[in-house]
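What follows is a short report on a single structure.
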Amino acid sequence: MKIKAPLTNIWLRIAAVVMGLLLWFHVATEKKYNYQVKLPVSEIIVKENLALASPPPESLTITVSATGKQLLRRSWKELGLRINATQYPPGNYNFELTTSNTLLGDQGVVALTEIVKPRTFILDIDNHVESQVAVVPNVIVSPDDGFAVKTVQRPEPSVITIRGAKALLQEISQVTTEQREVAGVRNNIEVVLKVQKPEGYGITIDPDTVRVNIEIVPVKTRLFEKIPIIVYNNPSGKKMRPSPATVDIEMTGPPDEINLLNRNALIASVDFDKLSAKDSAPIKIDCPNHFKVKRASAQFVKLAEN
């Protein structure tokens, strides 16, 4: 008797197994299943000219019913859930979630059978309004050596439109841009800045970027002599005398502005609380914006009691 080799008709056997698995998969996926899943809330539908003043739940846990094949599709999950609240005027409500007011984004494929959790949430509805607010640019420019910022012009546009719930917008008078740092510039520049959207659910802005032009000019140097040094935080009942008592300060800035700079706008000071063991303290020099201290005749002073 001839014995068949174990690998005889191996491809026929594999094909039979594959066909069996396909048949099983077809039968299994045609059955209906109840499936619990957590889906994002993609939209709260309210009446025209109304808006939400506080965020809804980010997601809901629900039970759906569908065939295995339908459940395997991804689109019904990606579209999330829509909640219908069109019957409510402005106000604050304890909103009960049901299968009649909660809808799957892809209806007709999978049936929503139960809201598991949460079953309620606070629904805060307000009038939808828009307002015009000023934009404040947040740009820090550090010109190259020998140059200075002459002007940071108003943003273009200088006013933008914001839209959202009335209660949220009435607290907003201006918006700022993202912070941008620009270093080593020698020529006039234009920067595009992204406007930071105010905090608050559902607020939108238009436009979301502004342009800011910055004028750069060569600097001029000017010497301010014998600026008096002020001592702060003197000990009680004591008057401290700085040595030296004055400092010469070499300032740089835009030519037409530095010519008008008043010496009284420069403040040289020391803080007694920063006095070292050697009775010396660092000099701090404050000056108006757009000007820089190039050099000072002293960086530290000695402090002694008068």
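The values are calculated or read from the model by the stated rules, or taken from the named source; none is laboratory data. What you see is a predicted model; the values in this text were computed from it and never measured. Virtual Cβ from ideal backbone geometry, glycine too; neighbours counted across all protein chains shown. All accessible areas refer to the heavy atoms of the entire protein, side chains included, with ligands and DNA or RNA removed. Shrake-Rupley method; radii C 1.70, N 1.55, O 1.52, S 1.80 Å.
Values for this structure:
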{"quantity": "FRET efficiency for K292 and Q196, using Cβ-Cβ distance with R0 set to 30 Å, rounded to 0.05", "calculated": "0.55"}
{"quantity": "Hz values of 3J(HN,Hα) by residue in region 188-197 - Karplus curve (6.51, -1.76, 1.60), Gly and Pro given as x", "calculated": "4, 9, 10, 10, 9, 10, 7, 7, 7, 6"}
{"quantity": "Euclidean distance between Cα centres, region 137-198 to region 104-132, Å", "calculated": "37"}
{"quantity": "Reach of K38 by Cα under 22 Å, taken over lysines that are not fewer than 8 positions away in the same chain", "calculated": "K69, K77, K117"}
{"quantity": "Theoretical FRET efficiency, 1/(1+(r/R0)^6), r = Cβ-Cβ of T176 and Q36, R0 35 Å, to 0.05", "calculated": "0.20"}
{"quantity": "Solvent accessible area, Å² - S158, 1.4 Å probe, full protein context", "calculated": "30"}
{"quantity": "Overall dimensions of region 147-268 as given by Cα atoms, namely Rg and Dmax in Å", "calculated": "22.3, 61"}
{"quantity": "Relative contact order of region 79-199, defined on C-alpha pairs under 8 angstrom at six or more residues apart (%)", "calculated": "25"}
{"quantity": "Mean ellipticity per residue at 222 nm, deg cm²/dmol - from DSSP H runs of n ≥ 4 across the chain, formula -39500 (n - 2.57)", "calculated": "-3000 deg cm²/dmol"}
{"quantity": "The chain: relative contact order in percent, alpha carbon pairs under 8 Å with at least 6 residues between", "calculated": "13"}
{"quantity": "Distance (nanometres) between label positions extended 7 Å along Cα→Cβ at E215 and Y93", "calculated": "5.7"}
{"quantity": "Electrostatic dipole magnitude of the chain [Cβ: Lys, Arg +1; Asp, Glu -1; Cα centre; debye, to 20]", "calculated": "1320"}
{"quantity": "Carbon and sulfur %, accessible surface of the chain computed with the full protein complex present, 1.4 Å", "calculated": "51"}
{"quantity": "From the coordinates shown, Cα extents along the principal axes in Å corresponds to which of [x] 53, 45, 37; [y] 117, 73, 46; [z] 58, 45, 38", "calculated": "[y]"}
{"quantity": "Counted charge near I267, where neighbours are those whose Cβ lies closer than 9 Å (Asp, Glu -1; Lys, Arg +1)", "calculated": "0"}
{"quantity": "Zone of F300's modelled label, taken as backbone nitrogen in region 240-277 under 20 Å from a point 7 Å along Cα→Cβ", "calculated": "240-249, 268-277"}
{"quantity": "Surrounding net charge for I162, when Lys and Arg each add one and Asp and Glu each subtract one, Cβ distance under 13 Å", "calculated": "-2"}
{"quantity": "C-alpha long axis of helix 10-30 to longest principal axis of the chain, angle in °", "calculated": "80"}
{"quantity": "Long-range amide H partners of T151 with built H, under 5 Å", "calculated": "E215"}
{"quantity": "FRET efficiency for N262 and V129, using Cβ-Cβ distance with R0 set to 35 Å, rounded to 0.05", "calculated": "0.15"}
{"quantity": "Cβ-based net charge around N187, under 11 Å, with every Lys or Arg adding one and every Asp or Glu removing one", "calculated": "-2"}
{"quantity": "Length added when fully stretched, E43-K239, from 0.36 nm per residue minus Cα-Cα", "calculated": "63.7 nm"}
